[in-house]
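Okay, structure first, notes after.
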Amino acid sequence: MQYLSVQEFSKSPQTVLSSLSRKRGVVLTHRGKPSAFLIKTDDKDFEMLSNMLMQIEFKKAISEVRAESKRNGNSKMTLKQINELIADARKTK
C-alpha cells in the first residue's frame, strides 16, 4: 500500500489513479495523518463496493454512539427508563 500526501496527489492525480491497478490502494495523508483511501473500482464493482462502504460507515457510527453512551452513563439505563424518555419526548411533540 502506498502513502501519499494530498499535496503529492494533487501534483499528478492521473498517475496515481492509473497505478491503482498495481497496488492494493493508496492512502492520502494530510499533515501526516490518513485522510482518505483510494481503491480501484469499475462499473461492475462500484455498487458492491459502495454498499460495503456504507455498511462500514454504519458500523463505525454505531460504535461511536455506543462509546459516547458509555462515557455519559446512558449505557446503564434500563429499558423502562428508555421507554419513559421516549414517552416524554412524544408528549412534548
Residue-averaged [θ]222 nm for the chain, counting only DSSP H segments that reach four residues, each worth -39500 (n - 2.57)
-20000 deg cm²/dmol
Computed log₁₀ I(q)/I(0) - Debye formula, equal Cα scatterers, no solvent, the chain, q 0.10, 0.11, 0.13 Å⁻¹
-0.51, -0.58, -0.68
Residues meeting the amide H criterion for T29 (H placed from the backbone, H to H distance under 5 Å, 5 or more places apart or on another chain) are L4, S5, V6, S35
Between helix 43-72 and the chain, what is the angle of the helix's C-alpha long axis to the longest principal axis, kept within 0 to 90° and rounded to the nearest 10?
40 degrees
Once the dipole of segment 25-93 is set up from charges on Cβ (+1 Lys and Arg, -1 Asp and Glu), the residue from the list A61, L28, N83 lying farthest towards its positive end is N83
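Round to the nearest 0.05 the FRET efficiency obtained for N51 and M77 when R0 = 41 Å and r is the Cβ-Cβ distance. Write down the numbers at each step before the final one.
Details: r = 33 Å, r/R0 = 0.80.
With R0 = 41 Å, the Cβ-Cβ based efficiency is 0.80.
Where does each of M54, M77 land when they are ranked from fewest to most other beta-carbon atoms within 10 angstrom? Walk me through the numbers on the way to the answer.
Details: M54 10, M77 13.
Ranked by crowding around the Cβ, least crowded first: M54, M77.
Read the figures in this text as sums done on the coordinates, not as results from a lab. Just so we're clear, the structure is a prediction, and the values are computed from it rather than from any experiment. Glycine gets a Cβ as well: all are built from the backbone with ideal geometry, and neighbour counts include every protein chain shown.
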